[in-house]
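Written below as structure tokens is the structure these notes are about.
The numbers here are math on the coordinates, done by the rules we state, and not lab data. Quick caveat, the model's predicted, so the values are computed rather than measured. Every residue, glycine among them, receives a Cβ derived from its backbone with ideal geometry; neighbour counts consider all protein chains shown.
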Amino acid sequence: MSSIASVARSRAAATRRGELRSGLTYWLQSLAAMMRFDFGRMRQWLGMMIVIQTMMGAGMVIMYGFFYPHVTAARALYIATGSPTLALIPLGLVMLPGDINQQRMEGTFEYVWSLPAPRSAQAISTFLLYTLLALPGTALALLVATWRYGAQLSISPVLIPAALLCSLVAITVGYGLALAIRNPLVMNLISNALVFVVLLFSPIVFPASQLPAWLYDIHRVLPFYNMAVVMRAGLTSGIETQVGTSFIVLAAWTIAGCAMTAWVIGRRH
Amino acid sequence: MSDAALAAFIAPRTTVARGMRRWVRDYSSMLIWHLVSLRMWLVTLTVVQILSGVGFVLGIALFFTNIPTRAALFVSTGVPVINLLMVGFILGPQLVADQRSSGTYEYLRSVPVSRSVTAAAWYTVCLIGGVPAMIVSLVVAQLRYGLPLDVSPMIVPAVLMTSLAGTMLGYAIAHAIPSPMATRLITQLGVFVIFGFAPILFPLAQMPGWLGDVNWWFPFRHMAVVIRAALTSVPDSTVTQGYVVLAIWVIASAAAAGWALGHRR
């Protein structure tokens, strides 16, 4: 036992001196350094992020109401409970790929990969930062929705895993896509098309029964509708009953996104 | 040596072209320059414009169990306004912001053509990028919803004025605001405003009264009024007022852009 402890001590000392570039301590130090680096780099985009998040969440809550001649109680409940989902999506699927594009063009992307920090720490730093950035907009959207429509929500503990999983899905899939698709123009087109699909053609702020059957079938496999389902299950009681399937679909997308990320960052080029 | 002889010695030995002929020549070369340098961008843009216009026209039906004709009519006659605004008001300023970041902006300013020529050529590009998508959106809307459309000849001035006001406003944002990031922020906000916070895609009565009043001071509400009046036979008493407000916006934006482009730094 004592030999294990002494090995651990000498490894820790070597890590402190900067000689040993492996082990959990080194990984955690790298993560902290990468988070500082990412946050510092992102500060110039902070204004933009706040605008997009506020408008996509709180702004869309108000906007959707304008499109209806009468906002009935059922519509109001759907808009109110769909809005936090809407606020979670753009950061991962639009801002993150945009950021990676920008990094590729500036050469920062190659530079970060050349740093002596484990690439897994680099990726997880990005995940954490974007998750942190996504949550305030989500909360704001929910607040605005309850104020504007007086929606009666009953919040359950499911909301916490639901919100975390939704944000993770958006970020991992966005990150995986941005890494796998190298052409910035193509990526830009894809993320804009995704926003369009999410805002207009996804049953997030209206019931899925309003969709044609074939479109509904597509949405059962895509993440957006399932995100709305788990979030709505955390915010209301009795509307969503098939939550288990949605959680499984979302988990599968997260794993796929992580696998794509791991595959790309594990390769040399 | 007299002053005149000295001037002749220094000045390049060529006649300086002025007047209408020079203007037209510069205009056509600037237009060709824009079309050639943006050829890929314009093709992609037209496709995206058509897809998003058609997508909006079709997608709005999903919001309702049975879409009322009035809602379909407002969306279908509002989408053309958005198509016309997209290039001049949203993408144009972002293009200029990118040019500022990459240095092309300084180069373009050094080209010896007048400011009115540059603006006119850009306005033409905006029309080229907007009108085809507008027509396709309207045709699709008509096929999908069978709307009571009644296109009058007033559509020509309505389209020209709407696009001009949007383009000039975008022009002012692009050139009078020096920071590329601020330009991007404003246009990003603009996207949300034209889709949801201005009564373009839905009736004015469906937004709170105070927000409608705020919109009176901005051009978007009036653009929707003049376009809708030209596309339908629904009488609207505010059309003349709409043209006046749009004209004021055109003059104010052109003045702001002209001032920003005119002074030395």
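Here are a few things to note about the model shown:
- Computed lengthening from residue A:252 to residue A:71, 0.36 nm per intervening residue step minus Cα-Cα distance: 61.6 nm
- Local electrostatic count, residue A:127, Cβ distance below 15 Å [Lys/Arg +1, Asp/Glu -1]: -1
- Computed helical MRE - 222 nm, the protein assembly as shown, DSSP H runs ≥ 4 contributing -39500 (n - 2.57), nearest 500: -24500 deg cm²/dmol
- Between the exposed loop cleavage positions of chain A, defined as trypsin sites (Lys or Arg not before Pro) in a non-H, G, I, E, B DSSP state with at most 14 neighbouring beta-carbon atoms within 10 angstrom, the longest gap is A:22-181.
- Helix B:39-59 vs. chain B, principal-axis angle (Cα, 0 to 90°, nearest 10): 20
- FRET efficiency estimate (nearest 0.05) - Cβ-Cβ, residue A:33 to residue A:160, R0 30 angstrom: 0.55
- Euclidean distance of C-alpha centroids, the stretch B:144-158 and the stretch B:169-188, integer Å: 33
- Mean Cβ count within 10 Å, highest first, over the residues of peptides A:46-57, A:246-257: A:46-57, A:246-257
- Average beta carbon contacts from partner chains per residue of B:108-121, 10 Å cutoff: 0
- Rounded to the nearest 10 degrees, the angle from helix A:243-266 to the longest Cα principal axis of chain A is 30 degrees.
- A Förster distance of 30 Å, applied to the separation of the beta-carbon atoms of residue A:25 and residue A:102, puts the FRET efficiency at 0.40.
- Taking label positions 7 Å along the Cα-Cβ direction at both residue B:2 and residue B:23, the computed distance is 3.4 nm, reported to one decimal.
- Using a Förster distance of 51 Å, the FRET efficiency for residue B:135-residue A:48 (Cβ separation, nearest 0.05): 0.95
- Of the chymotrypsin sites (Phe, Trp or Tyr not before Pro) found in the stretch B:201-263, the ones in coil according to DSSP and having at most 16 other Cβ atoms within 10 Å of their Cβ are B:217.
- Length released on extending from residue B:32 to residue B:216, taking residue separation times 0.36 nm less the Cα-Cα span: 62.5 nm
- Length available on full extension from residue A:217 to residue A:259: 0.36 nm per residue minus the Cα-Cα distance, which gives 12.6 nm.
- Cβ crowding within 10 Å averaged over residues, with B:198-206, B:107-115, A:164-172, B:181-189 ranked highest first: A:164-172, B:198-206, B:181-189, B:107-115
- Inter-chain shielding of A:192-199 (mean C-beta neighbours from other protein chains, 10 Å cut-off): 2
- Cβ neighbours within 10 Å from other chains - mean over A:61-67: 6
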